[in-house]
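So the structure is just underneath, and the comments pick up after that.
The values are calculated or read from the model by the stated rules, or taken from the named source; none is laboratory data. Treat the numbers as computed from the prediction; the structure is a model and nothing was measured. All Cβ positions, glycine included, derive from the backbone under ideal geometry; neighbour counts span all protein chains shown. Each accessible area value is taken on the protein alone, full model and side chains, heavy atoms only, with ligands, DNA and RNA left out. Shrake-Rupley method; radii C 1.70, N 1.55, O 1.52, S 1.80 Å.
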Amino acid sequence: MRDKRKAGVLERFSRALDLPADVVAGLPRMNIIGGNEILIENHKGILLYNDTDIHVSGGNVVLKLHGDGMSVTAMNATELLISGRLLGIDFVYV
Amino acid sequence: MLNIINYFRGSVRVELTSEFPERFINICAQNNIALWEIERGDNHTLRVSMRGEGFRKAQTFTHRGIGQIRLVRRMGLPNFLLRYKKRYALMASVLLMVAALTALSMFIWEIDVSGNENISKEVILQELNELGIGIGTYRKSFKPKDIQNQMLIKIPELEWLAVNVTGSYASVEVREKEPKPIIVPENEPCNIVSEKAGLIVAINTLEGSASVKVGEAVEAGQLLVSGLINSNVVGVRQVHAMAEVTARTWYEYTSVLPVNATGKKYTGRERTRNAIILAGFRINLFWDNPKKTPVMGTEKTVKRSTLKLGERFTLPLVWVTETLTEYEPVDFTVSYGSADAFMKYALGLRLDDESQGAEILSADFATLEQNGVYRCDMAAECLESIAKTVGIQ
């Protein structure tokens, strides 16, 4: 609860001072190249993984990616590279 | 590119089995274990690639009851080298080969001479050898600039020389001196003399006083146009004589050819033998019986192939193939027609060379057979410029 409040404060603080929110507040950043490659930085882990759906936690938001032939090409503590034919993204705020 | 890096660093392919395999990979990621090529098996199985140390660390997570991890295969260069770690002789051979190639590339194994026309390649190589440059010379043992200067002193006919060393290959480029024509400057007085003997057909004097007329026969060196002009007003004055003098000139040459000659009749038998030249030392790969003397004549053709790696890295190994073709000496008589044609051709070439672009008006040939030889006499008449400028002495 306290972390969520802290994250919200940092987010508002970064917006107020026009600072990059992904650096200051640790918000997830997503780069989509074409419709085939997605790079997610500052992720908090994979919640669901199969050929058609990959759910990634971004802290206070869950990114639900669905498509065909989805797979995680590379992953480390902060970055996640997903490849496949992306059909849609849903954002679920927690 | 990442695949190349992962190959050199080495990696493993593992299979994760867990109730929630996503949780397993999240824990791996949070513990700085990089993962790639994540493939889903069934609902409880994932296959991932990771580095070796990541695998060791991931194995500790299985003790927490998160899941099971199984090694599928090892990949990469470290795994490849591990398989051969007991093969000491193989490793030593590879190292020895690399060392030998590195060491051999520091020496010159091939020298090529280009640009020479009158000076033979053997003369240039001989002089270079005396200066310490030859097959097997250490590349750093000489300075090309010093060699250039010394070679120009040793062979005065050379105008310019450059030695370029690339790898084990040395390229020697030369330029020979050309005889400079004697040119009298236009502001200096001069005469015009005859370069060759001939009969004057045209003379056009632009400056100076003509000493000959059309139709007059002149000898080589005879004065044609004088640069000294006698004037009643200023006396004798000197000028730079200029004139176009055209004359008929004659050339006579003779060629002989024996009527009977000895030729070669090939029997069809030939033998091939090989040898190796290693760093200048020849090793024959054949053995000829010294007591056995050949009955027939033998013609030898030698072919040399230098072993190279790429364009400029020459190895000190030359493969020599000698082909010995057997022939039988046969006496035969040269026909009149063949001798006549050959001698006319040879005399024609000589005339073209010595007349230097003169217009050939006529060329008569007479071929006779006399005392066992064919004799061909040629008389040619040409039209050419015979004016030559010389300074007034």
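Tally Lys/Arg at +1 and Asp/Glu at -1 over every other residue whose Cβ is under 13 Å from the Cβ of B:Ser305; what's the total?
Counting the neighbours of B:Ser305, the net charge comes to +1.
With +1 on each Lys and Arg Cβ and -1 on each Asp and Glu Cβ, how big is the dipole of the range B:185-236 about its Cα centre, in debye rounded to the nearest 20?
180 debye
As an exercise, identify the chymotrypsin sites (Phe, Trp or Tyr not before Pro) in the range B:84-173 lying in DSSP coil whose Cβ has no more than 15 other Cβ atoms within 10 Å.
B:Tyr84
When the Karplus curve 6.51 cos²θ - 1.76 cosθ + 1.60 is applied with θ = phi - 60°, which whole-Hz ³J(HN,Hα) does each residue of the range B:22-30 get, with x for Gly and Pro?
4, 5, 4, 6, 4, 5, 4, 5, 5
Which value in deg cm²/dmol, rounded to the nearest 500, describes the helix-derived mean residue ellipticity at 222 nm for chain B, given -39,500 (n - 2.57) per DSSP H run of n ≥ 4 and division by the residue count?
-7500 deg cm²/dmol
On a full-extension model of 0.36 nm per residue, what is the gain between B:Asn164 and B:Thr45, subtracting their alpha-carbon distance, rounded to one decimal in nm?
36.4 nm
Placing one identical point scatterer on every Cα of the range B:32-99 and ignoring solvent, what is log10 I(q)/I(0) from the Debye formula at q = 0.13, 0.18, 0.20, 0.25 Å⁻¹?
Values returned for q = 0.13, 0.18, 0.20, 0.25 Å⁻¹ are -0.55, -0.79, -0.89, -1.19.
Taking 10 °C and 1.306 mPa s as the conditions, I'd like the Stokes-Einstein D for the range B:119-217 in µm²/s, using the Kirkwood hydrodynamic radius from alpha carbon pairs.
Roughly 88 µm²/s, to the nearest whole number.
Kirkwood Rh and Cα-based Rg: tell me the resulting Rg over Rh for the protein assembly as shown, rounded to two decimals.
Rg divided by Rh gives 1.33.
What's the longest bit of chain B with no exposed GluC sites (Glu not before Pro), using DSSP loop states and at most 16 other Cβ atoms within 10 Å as the test?
B:20-116
Could you work out the pair-distance distribution P(r) of chain B from its alpha-carbon pairs, with 20 angstrom bin width and percents rounded to whole numbers?
Reading upward from the zero bin: 15, 23, 27, 17, 11, 7, 0.
Mind checking which of A:Met30, A:Val9, A:Val61 is farthest towards the positive end of the range A:9-69's charge dipole, using Cβ charges of +1 (Lys, Arg) and -1 (Asp, Glu) about the Cα centre?
A:Val9
Give the dimensionless ratio obtained when the Cα radius of gyration of the range B:1-134 is divided by 2.2 N^0.38 Å.
2.03
How far is helix B:144-154 tilted off the main Cα axis of chain B, in degrees rounded to 10, range 0 to 90?
20 degrees
How much FRET efficiency would the formula 1/(1 + (r/R0)^6) give for A:Phe13 and B:Glu37, where r is the Cβ-Cβ distance and R0 is 22 Å, rounded to 0.05?
0.05
State the Kirkwood hydrodynamic radius of the range B:1-57 in Å, one decimal place, computed from all pairs of distinct Cα atoms.
11.7 Å
For a quick check: with amide H placed at 1.01 Å from N, whose amide H comes under 5 Å from B:Lys196's, ignoring anything fewer than 5 positions away on the same chain?
B:Gly221
From a point 7 Å beyond the Cα of B:Leu152 in the direction of its Cβ, which residues of the range B:170-192 have a backbone N at a distance under 20 Å?
Hits in the range B:170-192 for B:Leu152 at 20 Å: B:171-181.
Please give the solvent-accessible surface of B:Phe286 in Å², to the nearest 10, using a probe radius of 1.4 Å with every protein chain present.
Answer for B:Phe286: close to 50 Å² accessible.
Could you compute the FRET efficiency for A:His66 and B:Ala92, with r as their C-beta to C-beta distance and R0 at 35 Å, rounded to 0.05?
Working from the Cβ atoms, E equals 0.05.
Would you mind computing, in nm to one decimal, how far apart the modelled labels at B:Asp364 and B:Ser335 are, each placed 7 Å from Cα along Cα→Cβ?
2.8 nm
Could you give the distance between the Cα centres of the range B:126-146 and the range A:15-81, to the whole Å?
When both Cα centres are located, 67 Å separates them.
At most 15 other Cβ atoms within 10 Å and a DSSP loop assignment: could you name the trypsin sites (Lys or Arg not before Pro) in the range B:26-123 that fit?
B:Lys85, B:Lys86, B:Arg87
For the range A:15-94, what number results from the quotient of the Cα radius of gyration and 2.2 N^0.38 Å?
1.08
Report, in degrees rounded to the nearest 10, the 0 to 90 angle that the Cα long axis of helix B:88-104 makes with the longest principal axis of chain B.
30 degrees
Which number comes out as Rg/Rh for the range B:199-291 once both Rg and the Kirkwood Rh are worked out on C-alpha atoms?
Reported Rg/Rh, Kirkwood definition of Rh: 1.60.
Measure nothing but the geometry: give the 0 to 90° angle between the long axis through the Cα atoms of B:52-61 and the longest principal axis through the Cα atoms of chain B, rounded to 10°.
Roughly 10 degrees between the two axes.
Over 29 Å between Cα atoms, which of B:Lys143/B:Lys180; B:Lys180/B:Lys344; B:Lys177/B:Lys388; B:Lys264/B:Lys303 qualify?
B:Lys143/B:Lys180; B:Lys180/B:Lys344
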